[in-house]
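Read through the structure below, which is laid out as structure tokens, and then see the notes.
The values are calculated or read from the model by the stated rules, or taken from the named source; none is laboratory data. Owing to the predicted nature of the structure, the values given are computational and were not obtained by experimental measurement. All Cβ positions, glycine included, derive from the backbone under ideal geometry; neighbour counts span all protein chains shown.
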Amino acid sequence: MGNIRNTYRVIGLMSGTSLDGLDLAGCTFCYNGAGWSYSIEEVKTIPYSSHWLVRLSEKYLLTSNAIEQLDLDYGKYLGQAVLEFIRETGFDPDLISSHGHTILHQPENSITFQAGSGKEIQRISGKTVVANFRTLDVLLGGQGAPLVPIGDAYLFSEFDACLNLGGFANISYDNGKERKAFDICPVNIALNYWAKKLHLTFDEGGGIAASGAVNKTLLDSLNKLDYYMVSGPKSLGKEWLNTEFLPIIESLSPAPHDVLRTVCEHIGFQISNSLESNGICQHSILLTGGGTHNSFLVDCIREQSGAQVIIPDQITIDYKEALVFAFLGLLRIRNEINCLSSVTGASKDSSSGDIFVVE
């Protein structure tokens, strides 16, 4: 697969912190000499079984040996998922590009690790695989996140900014000189945590949040978290959620529906503040990610920010990250930059990801 090729078929794999499931997107990318175009041909989401929910959600308690075993086992799971996807859809890829599932993300300690052995995916699928996208950037002094912005720049340049509402909210935009991006605040990872206290997987449409009341004390306390006072590059992980965010809520013990309402208000405020402080509050904002289905949350964002929020088709909403990781793998195979230092704070741009080729 050399640099002279202009058309690629890639399967992108994405598993986010909110544990919604494994997303697979079969994508075709074409380069016309001036830029890239894409089409999403086939998609599938595989909800996690109780077995995988337990193994992945309790990841931060694992020993090093258990993490190594999880990496191997989850890699086998991803390989089998890819093989089944190819058989079901007939989409025959040139390349598999896998985000993996984040087990540890402590860039301040030069640590990041995404489970899902690329070697196992390659062995089972019989296809060339790119995985482990974050490590090199962290070694270069960066946050190792977010990685999606270069895909935003190449594939969604018609929008002034791209806002993803996944486990965490992250934003990407061009400031006229370079691409900028950072994580804003927790979204689904926090909302789903409290929905589960009501024996629900998630708060559909934000209906329960809409029935709650804003807890002013809680809202003020969340908005004063140190993370929000730091300018980018910066990124969030589950470690921060467990040590900084959740303890504030649990110390006040409000009713779950009031927590959901207050957290939606908090998300709207932090997103609005980020848009305003970066001069993009009146611009066109592409909204994607699972949180986009939470209509109450989207209303909170619209009301507080005043931005021109654009909601695309459902496939783009749900599979944009899988699409972009497919594209990151393609750039890596071509030995082109796929990780921007202007976004992560690394010492330089890089072409990141480990390549596992068919022998």
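Structure values in brief
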{"quantity": "Residues being of a type in the set (S, T, N, Q), in a helix (DSSP H, G or I) and either modelled with pLDDT under 95 or within 23 Å of the chain's Cα centre (by Cα) (or both) - total across the stretch 84-121", "calculated": "1"}
{"quantity": "Residue that is out of contact with any strand residue (DSSP E or B) (no Cβ under 6 Å at 6 or more places or on another chain), assigned to a loop (DSSP other than H, G, I, E, B) and more than 24 Å from Tyr173 (Cβ to Cβ), where the choices are Pro247, Pro254", "calculated": "Pro254"}
{"quantity": "Filter result for Ile171 (buried (at least 19 other Cβ atoms within 10 Å of the Cβ), under 19 Å from Glu244 (Cβ atoms), β-branched (Val, Ile, Thr) and in contact with a helix residue (DSSP H, G or I) (Cβ under 7 Å, 6 or more places away or on another chain))", "calculated": "no"}
{"quantity": "Selection status of Ser97, buried (at least 19 other Cβ atoms within 10 Å of the Cβ) and over 26 Å from Phe202 (Cβ atoms)", "calculated": "yes"}
{"quantity": "Unmet requirement for Lys224, which otherwise passes all of (1) under 22 Å from Gln304 (Cβ atoms); (2) in contact (Cβ under 8 Å) with a residue 24 or more places away in the chain; (3) more than 23 Å from the chain's Cα centre (by Cα)", "calculated": "(2)"}
{"quantity": "Where Ala153 falls short, out of the listed (1) in the same structural domain as Glu58 (by TED's automatic domain parsing); (2) in a helix (DSSP H, G or I); (3) of a type in the set (A, V, I, L, M)", "calculated": "(1)"}
{"quantity": "Leu78 being surrounded by 15 or more Cβ atoms within 10 Å (Cβ to Cβ), within 24 Å of Ile355 (Cβ to Cβ) and in contact with a His (Cβ under 7 Å, 6 or more places away or on another chain)", "calculated": "no"}
{"quantity": "Odd one out for Thr28, checked against (1) part of a helix (DSSP H, G or I); (2) without any contact (Cβ under 8 Å) to a residue 24 or more places away in the chain", "calculated": "(1)"}
{"quantity": "Residue among Gly206, Gly176, Gly166 that alone is within 20 Å of the chain's Cα centre (by Cα) and in the same structural domain as Asn273 (by TED's automatic domain parsing)", "calculated": "Gly166"}
{"quantity": "Qualifying positions in the stretch 81-94 - surrounded by fewer than 15 Cβ atoms within 10 Å (Cβ to Cβ) and farther than 16 Å from Tyr8 by Cα", "calculated": "Glu84, Arg87, Glu88"}
{"quantity": "From Ile271, Ile280, residue being of a type outside the set (Lys, Arg), modelled with pLDDT of 95 or more and within 22 Å of the chain's Cα centre (by Cα)", "calculated": "Ile271"}
{"quantity": "Yes/no for Ala145 being closer than 30 Å to Leu275 by Cα, outside any helix (DSSP H, G or I) and under 20 Å from the mean Cα position of the chain (by Cα)", "calculated": "yes"}
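Residue by residue, here is whether (1) at pLDDT below 95; (2) not in a strand (DSSP E or B) holds:
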| residue | (1), (2) |
| --- | --- |
| Thr45 | no, no |
| Val54 | yes, yes |
| Ala66 | yes, yes |
| Ala81 | no, yes |
